[in-house]
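Input: a single structure, listed below in structure tokens.
The values are calculated or read from the model by the stated rules, or taken from the named source; none is laboratory data. If you're wondering where the values come from, they're calculated on a predicted model, not measured in any experiment. Note that we place each Cβ from the backbone using ideal geometry, even for glycine, and neighbour counts take in every protein chain shown. What goes into the accessible areas is simple: the full protein's heavy atoms, side chains included, and nothing from ligands, DNA or RNA. Shrake-Rupley method; radii C 1.70, N 1.55, O 1.52, S 1.80 Å.
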Amino acid sequence: MHHFSRAARAARAVRGWIRSAPGTYIWLAILLVTTIVMRQMAPDTLDAFLGDRSTNIHALSTHPFRVLVQSALWIDGGRWLPYAVLYTLFHAPAERWLGTGRWLLVLGTAHIGATYISEGALLWAIRHGHAPVSMVNTLDVGVSYALAGVVAVLTYRIARPWRFGYLAGVLVVYGAPLVTSRTFTDLGHFTSVLIGLACYPVTRDRPGPGWNPLDTLRARNSRSAEKPDSAMR
């Protein structure tokens with residue numbers, strides 16, 4: 001009976017968490033469906049299918065709105081579970097904190113801004129002979145630019161001085177590839193981080209103090225200390 005009640009409480013907690021971040025989990029559900037669809041396709045068919053939804057230079061110059069929306073509904077590589085974890089760790093807390101509207105503003109700005117800046121850099125490279133002309137049709141789909149922007153804006157959710165350590169980690173994770181491999185997608189990810197950090201004005205009037213990991217640890221230890229007493233009663 002005790003185990004059943006614990007399972008029921010856990011189920012209620014999960015449902016409550018999902019309901020508190022509806023945009024995150026609707027998006028994640030769509031990604032699950034599109035990932036299943038991708039796995040049913042032959043490789044050649046899949047490449048052509050995703051190519052029609054890619055935010056490459058050619059598509060951005062002919063039908064930008066359609067590909068900017070559609071490219072955010074497919075996962076590059078087709079691995080859904082890691083994104084389920086990342087969405088729960090970053091998108092859901094950001095949506096709960098900012099509200100769905102502001103969360104959408106941040107991720108949309110990061111997705112669109114980083115796409116145009118990275119593809120613009122690629123166009124410059126093509127025109128100056130640093131990249132082949134065929135890359136105007138390169139495959140570029142996925143949700144990672146939006147994720148990087150949200151990861152960055154969460155810096156302002158964390159209390160000082162912990163936010164500076166978090167920020168340093170974000171800059172290293174997204175900045176190191178830009179230095180070592182220097183692809184247009186690396187530029188896009190780092191640009192997304194800068195856009196997320198530039199979204200500070202939308203965070204200023206959010207209620208509640210910044211998240212302090214020490215407070216969380218103290219609360220957890222306090223609950224653990226109370227359990228033996230409860231069991232004795």
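Data overview
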| read-out | value |
| --- | --- |
| Subset tally (residues that are assigned to a loop (DSSP other than H, G, I, E, B) and on the phi < 0 side of the Ramachandran plot) for region 186-219 | 8 |
| Single condition LEU89 does not satisfy, out of (1) open to solvent by 30 Å² or more (accessible area, probe 1.4 Å); (2) aliphatic (A, V, I, L, M); (3) in contact (Cβ under 8 Å) with a residue 12 or more places away in the chain | (3) |
| Region 139-167, subset of a type in the set (Phe, Trp, Tyr) and closer than 26 Å to THR183 by Cα, residue nearest to the chain's Cα centre (by Cα) | TYR145 |
| Candidates SER181, SER134, SER192, SER144, filtered to the one that is farther than 23 Å from PRO82 by Cβ and either among the hydroxyl-bearing types (Ser, Thr, Tyr) or at pLDDT 95 or above (or both) | SER134 |
| Residue check for ARG66: of a type in the set (D, E, K, R), open to solvent by 40 Å² or more (accessible area, probe 1.4 Å), modelled with pLDDT of 90 or more and part of a helix (DSSP H, G or I) | yes |
| Test: residue in region 112-119 that is at pLDDT 95 or above and farther than 23 Å from ASP47 by Cα | yes |
| Qualifying residue in region 180-196 (condition: free of Cβ contacts under 8 Å to residues at least 12 places away in the same chain and aliphatic (A, V, I, L, M)) | no |
| Region 196-209 - residue that is modelled with pLDDT of 80 or more and not hydrophobic (A, V, I, L, M, F, W, C) and, of those, nearest to GLY149 (Cα to Cα) | GLY196 |
| Filtered residues of region 110-133 (kept if β-branched (Val, Ile, Thr), under 16 Å from the mean Cα position of the chain (by Cα) and open to solvent by less than 60 Å² (accessible area, probe 1.4 Å)) | THR115 |
| Matching residues, region 143-166, being small (Gly, Ala, Ser), open to solvent by 10 Å² or more (accessible area, probe 1.4 Å) and more than 15 Å from ARG204 (Cα to Cα) | SER144, GLY165 |
| Search result, residues across region 167-199 that are closer than 20 Å to LEU98 by Cβ and exposed (fewer than 12 other Cβ atoms within 10 Å of the Cβ) | none |
| Unique residue being of a type in the set (S, T, N, Q), more than 24 Å from ARG79 (Cα to Cα) and out of contact with any helix residue (DSSP H, G or I) (no Cβ under 7 Å at 6 or more places or on another chain) when the list is THR180, THR155, THR138 | THR180 |
| Qualifying residue in region 95-102 (condition: out of contact with any His (no Cβ under 6 Å at 6 or more places or on another chain), part of a helix (DSSP H, G or I), modelled with pLDDT of 95 or more and of a type in the set (Val, Ile, Thr)) | yes |
